[in-house]
Structure formats: structure tokens, C-alpha cells
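Step one of this worksheet: look at the structure below.
The values are calculated or read from the model by the stated rules, or taken from the named source; none is laboratory data. This is a predicted model, so every value here is computed, not measured. Cβ coordinates were reconstructed from backbone atoms using ideal geometry, including for glycine residues, and neighbour counts include every protein chain displayed. Accessible surface areas use protein heavy atoms only, side chains included; no ligands, DNA or RNA. Shrake-Rupley method; radii C 1.70, N 1.55, O 1.52, S 1.80 Å.
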Amino acid sequence: MGKKKDKKGKGAEKTALKTAKKAEKKARAEADEDLEALIAEFQELDRKRTQVTEEPCAPPLPRCNGSLVAHPEKEELILFGGEYYNGQKTFVYNDLFFYNIKKNEWSKVQIPEGPPPRCAHQAVSLAQGGGQMWVFGGEFASPSQSQFYHYKDLWVLHLATRKWEKIDSSGGPTSRSGHRMVAVKRQLVVFGGFHDNIINYQYFCDVYTFNLDTYQWARLSPSGVGPSPRSACQLVPAPDGSVIVYGGYSKTKVKRDVDKGTVHSDMFVLSPEKGSTTEGAPQKWKWAHVKPSAINKPSPRCGFSSCVTAPNRAIFFGGVQDEEDEEELSGDFFDDSYFLDLENKKWFLTNLKGRKSKRRRRRAKKEKETESSESEDDSRERDEGEKSDSDSEEESMPLVPSPRMNTLMVTKGKILFLYGGVYEEGDKQVTLNDLYALDLHKMDEWRALVTSNPQDQEWLEESSSEEEEDDSHLGATGGKNSGSASDSDEGGSETKQDHPSVLSGENVADFFSRTKDHWMDLARKSAEEEAETFSEKALKKIAFQMAKLFHGEQAKVTKDDSQEGEH
């Protein structure tokens with residue numbers, strides 16, 4: 001009996017160690033796992049560059065969550081950073097591209113000592129000092145997206161001298177991505193965003209300003225009731241110095257290991273209080289909740305994109321409406337666009353006129369000339385012409401970019417530019433790198449400046465065989481191949497004795513905090529068994545994943561037991 005018990009004990013220990021397989025599968029691809037060290041390596045390589053280089057190039061590779069701004073002094077657009085996911089790995093960029101509007105040409109510019117790779121950051125351009133581009137925050141993701149590093153750094157690219165400068169100023173926002181930033185008079189305004197790691201996440205609704213004269217951050221404490229915490233909202237500056245917040249996305253925990261996403265469709269205005277500015281004292285601000293007319297209001301969605309198109313007007317495009325449950329997430333993508341009157345807070349659905357054909361123009365002129373002396377034959381002839389023109393009109397429907405979310409938009413003069421975005425085909429995520437232009441004066445149709453063929457895009461499916469192999473090791477803790485009924489029962493009994501029990505109502509974070517030493521020991525043993533070397537930070541990530549898997553299995557057992565008790 002003693003020998004059999006010892007054998008079962010070793011089997012239970014082995015089963016517990018195998019529980020870490022899924023976490024290790026992600027971590028193994030990033031053996032150094034320390035993202036800060038990886039970012040430092042990028043920066044060290046960048047320091048070795050001593051010269052600014054510029055080379056003509058093909059359109060940038062597909063990407064999303066980058067930034068696109070207009071050069072304040074030249075007929076150029078500036079694209080920086082972003083990310084691309086191919087089904088197995090995530091690539092994060094810090095490359096810099098300039099698009100010459102008149103020549104319809106791209107060039108890649110490398111400038112030493114710039115920001116490390118990032119996505120979900122924010123950038124604005126300013127017409128000062130020969131032109132500047134300011135960049136704040138964002139995130140760097142590991143290739144498997146098993147962890148994220150969030151930035152809180154502020155950079156400025158001096159366009160005239162082509163030099164990056166990192167701004168060291170205390171009191172700014174905490175590390176985040178998915179925030180929004182706009183320029184209002186002589187300051188930058190930053191709102192919202194989120195911070196995420198494997199253990200927990202946090203959404204923000206705080207507001208900061210950065211003074212462009214003193215280079216000082218200030219956290220605002222506006223009066224009134226403002227927006228709830230969120231990321232990916234639309235932040236639009238108005239001519240009167242106020243800022244409009246619309247929509248966004250956030251998640252909250254609804255029960256153990258289950259999150260609920262919320263797509264916001266509310267609107268708020270943040271404005272400086274009149275007469276609140278006194279010398280030496282910070283300006284006071286206030287929040288106001290706005291309820292625009294329901295007429296022409298966009299349907300609730302996330303991944304909306306927006307930019308100011310005129311002093312008192314902004315345009316919004318695309319987005320996705322998700323249908324989310326505990327098992328899967330699917331969505332409907334949009335290609336519609338809306339104008340928002342920034343003064344009256346009214347929505348207008350944009351209507352493209354389409355380009356008039358020569359035949360339509362000739363017919364309109366002829367009808368005007370013969371309006372008063374039209375014969376019956378002329379009338380019949382006109383009707384036939386109208387039918388022909390109608391067919392022609394159908395053939396030349398206004399061109400509109402395909403449905404997508406998270407596209408980049410910017411205006412230069414009277415032209416609106418739209419770059420890239422993301423949509424989904426089943427389980428495949430398609431990232432675009434096309435470029436469109438719309439004349440905001442004519443409002444006829446979009447022009448495709450750069451086309452994208454999604455069929456040429458590489459997509460690598462996750463290997464299901466590896467997942468099944470991992471599950472086969474789970475044994476009594478919930479795997480598919482748990483052996484005979486007697487072995488499974490005895491192994492399950494031993495496993496429960498080997499691991500700390502989950503207290504009633506205890507969430508994953510609290511459970512891991514209380515039993516951290518136990519899971520860290522298991523993570524170290526598992527690493528030794530596989531002859532792998534991980535940093536202490538990496539082992540903590542693996543330990544948490546082990547605890548999370550065990551916590552989830554115990555929750556499932558408790559739920560099943562309670563249901564059996566009810567019957």
C-alpha cells in the first residue's frame with residue numbers, strides 16, 4: 001500500500017506540473033520574457049545609428065493601432081508605429097514613414113534615438129518650431145501576446161531638424177495604452193486608456209494636460225460628473241477650447257474569471273470654466289453630459305475613428321458592433337460615416353454625391369435649354385435617355401472603403417485621408433494597408449490611392465495538435481485523457497491534497513496572492529523538468545497561469561456539485 005501511495009503521489013505531482021504547459025508554451029517562445037530588457041535592447045541598437053536616413057519605399061506593411069498625422073508645414077502625412085498579428089505572432093513597430101501627397105509616394109525615415117516600438121499610442125502634430133509631432137504612451141506586446149509593457153513616456157519629433165527628443169517631466173499620466181490625446185490651444189490633453197497585465201487590468205477616466213510653454217504636466221480635477229473609465233473613445237477638440245468625449249470601450253468582472261465588455265455611446269464635454277483663470281493658479285475645468293438628438297446618431301460600436309474636418313465639424317468612420325458571450329466574440333463591421341456638429345452636438349449622416357458622368361451633365365444642359373418647347377417625340381427621347389443615364393449612374397456608385405475598425409484618419413487642407421484598419425473573416429484577422437482620400441468640398445467619392453489585397457496576407461493557424469497534447473497531460477485536473485475511472489478518482493483525490501484549497505468566493509488574484517509560494521515552487525520544478533531557464537518575472541507569470549487553471553477547475557467542480565445537489 002505504501003508503495004502504491006508513493007506512486008500515486010508522484011503521479012499527482014507530475015499532473016500538477018503538467019498544468020503549467022499552456023503557460024510555458026507561450027513563455028518558451030520568449031525565454032528572456034523580460035520586456036523591459038527587450039525594449040532596452042531595441043534602444044541600444046538604435047543608439048548605434050548616427051545618421052538620419054531617408055529612402056523611397058513601397059507602402060508600409062499592414063498594421064493597426066499606429067498613428068497618422070499631417071505635417072503642419074508640408075504636403076505630407078506621417079505614419080508612426082503600430083502592430084500586426086499573423087495568427088500566431090504579434091509584431092510591434094517603431095518605424096517612421098512619410099507620405100508625399102502630391103507625388104503619391106512613400107519614404108521610410110530612420111532617425112537615431114527615437115521611441116521604442118509601440119502601438120495603441122497617441123500622436124498629434126503642431127505648427128511650431130518648424131513643425132513637431134508629439135507622441136505619448138502606448139504599449140509593447142510580446143510575440144504571443146502573453147504579456148504587455150505599457151509606456152508613460154512623452155516624445156517630440158522636431159520635423160525641421162529631424163531629431164527625436166524625450167521629454168522628462170514628472171506628474172504625468174501613469175503607464176497606459178488606448179488613451180486619447182488632442183491639442184487644445186497651448187496644451188496637450190490626455191484622457192482615459194487602460195493598463196493590462198496577466199493578473200488584472202484597469203481602465204482610466206482621468207484627465208491630464210501638458211503645457212507646451214512650461215513643459216509641465218497637470219492632473220485635472222474637473223467639477224461635474226464625467227465619463228466612466230474607458231479606452232478607445234473619441235476625443236475631439238472644439239474651437240471654443242472645450243473637448244468632446246464620445247463612446248469607448250471597457251471591461252468589468254461579472255463573476256469569477258468572467259469579464260463583460262461594455263461599448264459606450266454616451267457623450268461628454270470637458271470645458272474650461274469661465275473666469276477661472278488667475279495668475280499663478282491652474283485653470284479649472286468642468287464636465288457636462290450631453291444628449292445629442294437620436295436622429296442620425298450612429299449605432300453603438302467600438303473601433304470608431306474620427307478627426308476634425310473643419311473648425312466646427314468632425315467626421316467619424318467605421319467601427320464594429322460586437323456580439324459577446326462567455327464562449328465567443330463575433331461582430332458586424334461598418335463602412336458608414338457621420339459628421340458631428342461640434343457646436344450644436346448634432347449628428348449628420350454623410351451622403352456622397354458620386355461623380356457626374358459627361359452624359360448626365362449634357363442631359364441636364366439640354367433639358368434646361370428645351371424646357372419650354374419640348375415635343376412629344378422629344379419627351380420620349382428624353383425618357384430613353386434617362387433610362388440610359390440611370391444605368392450609367394448605377395455602374396458608378398460612389399467608392400467607399402470596405403468595412404473596418406481602428407482605421408487611421410487625418411485631414412490635410414480640404415482632403416480627408418484614411419489609412420488601413422482591421423476586419424475579420426471568421427477566425428482570421430485581416431489587417432489592411434490601403435490608403436483613401438476624400439475631397440471634403442466636393443463630397444463625391446473616395447479615391448483609392450493605395451490598394452490592399454487581403455488574400456495576399458499571411459495567416460498562420462494555431463496548431464490544434466499542440467493544444468490537444470497539452471490537454472492530455474491534465475489528467476485528473478480536468479484533461480480529456482484522464483485514464484480509467486478508478487485512476488481518475490484516486491489521482492483527483494491526491495491532486496486536491498497537493499494543492500491549496502480555494503476559499504469560498506475567493507477570486508483568482510486573491511487565491512494567487514495567498515498561495516503564491518506554492519505555485520512558484522511548482523513553476524520552478526516544471527522549468528527544471530523541461531530543462532528550461534526562466535527569469536524570476538517569467539516564473540511568476542507561469543505560476544499565476546498554473547494557479548488560474550487550477551482555480552478554474554475547482555470553480556467548475558463546485559458548480560457541478562451544487563447542480564447535482566439541487567437535483
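Once all protein chains are placed together, Trp285 keeps about 10 Å² accessible to a 1.4 angstrom probe.
Applying 1/(1 + (r/R0)^6) with r as the Cβ-Cβ distance of Arg313 and Glu461 and R0 = 35 angstrom yields a FRET efficiency of 0.20. Per atom type, the stretch 97-243 shows carbon and sulfur on 46% of its accessible surface, probed at 1.4 Å. For Asp196, Asp46, Asp168, the ranking by accessible surface with the largest value first comes to Asp168, Asp196, Asp46, using a 1.4 Å probe.
Just to verify a number: FRET efficiency for Ala183 and Asp257, C-beta to C-beta distance, R0 = 41 Å, to 0.05?
Once the sixth-power term is evaluated, E becomes 0.50.
For Gln147, nonlocal amide neighbours, meaning residues 5 or more places apart or on other chains whose placed amide H falls under 5 Å from its own, are Ser142.
Were the residues from Gln128 through Ile167 laid out at 0.36 nm apart, the gain over their Cα-Cα distance would be 12.4 nm. For the stretch 189-202, backbone phi angles converted through the Karplus equation (6.51, -1.76, 1.60; θ = phi - 60°) give residue-by-residue couplings of 10, 10, 9, x, x, 8, 10, 9, 9, 5, 7, 7, 9, 8 Hz, Gly and Pro being listed as x.
Here the Debye sum runs over all C-alpha atoms of the stretch 23-181 as equal scatterers in vacuum, and log10 of I(q)/I(0) at q = 0.13 Å⁻¹ comes out as -0.63.
For the residues Arg524, Arg355, a 1.4 Å probe over the protein chains yields an accessible-area ranking, largest first, of Arg355, Arg524.
Taking all protein chains into account, the per residue accessible area for the stretch 51-173 stands at 39 Å² (1.4 Å probe). At the residue level, His441 shows approximately 150 square angstrom of accessible surface with a 1.4 angstrom probe and all protein chains present. In the stretch 223-276, one over the average inverse separation of all distinct C-alpha pairs is 12.9 Å, which is the Kirkwood hydrodynamic radius. Here the calculated FRET efficiency for Glu36 and Asp335, from their Cβ-Cβ distance with R0 = 35 Å, stands at 0.30, rounded to the nearest 0.05.
What number comes out for the charge environment of Gly226, summing +1 per Lys or Arg and -1 per Asp or Glu over other residues with Cβ under 10 Å away? Once positives and negatives cancel, what remains is 0.
For the stretch 140-166, the residues whose amide N sits under 12 Å from a probe point set 7 Å from the Cα of Asn197 along the beta carbon direction are 147-150. Label positions at Thr451 and Asp427, each projected 7 Å from the Cα along the C-beta direction, are separated by 3.1 nm. Annotation: amide H-H contacts under 5 Å for Val184 (H modelled 1.01 Å from N, sequence separation of 5 or more, or interchain): Val189.
Placing Ser513, Ser67 in order of accessible area, with the largest value first and a 1.4 Å probe, yields Ser513, Ser67. Ligands, DNA and RNA excluded, the heavy atoms of Lys253 present near 130 Å² of accessible surface to a 1.4 Å solvent probe. Derived scalar couplings between HN and Hα for the stretch 163-170 equal 10, 8, 9, 8, 8, 9, 8, 7 Hz in order, rounded to whole Hz, by the Karplus curve 6.51 cos²θ - 1.76 cosθ + 1.60 (θ = phi - 60°), x for Gly and Pro.
Counting charges near Lys48 (Lys, Arg +1; Asp, Glu -1) among other residues having Cβ under 15 Å from its Cβ returns a value of -2. Once each part is reduced to its C-alpha centroid, what is the distance from the stretch 198-273 to the stretch 74-88 in angstrom? First find each Cα centre; the distance between them is then 24 Å. Across the stretch 132-190, Cα-Cα distances exceeding 13 Å account for 68% of all pairs.
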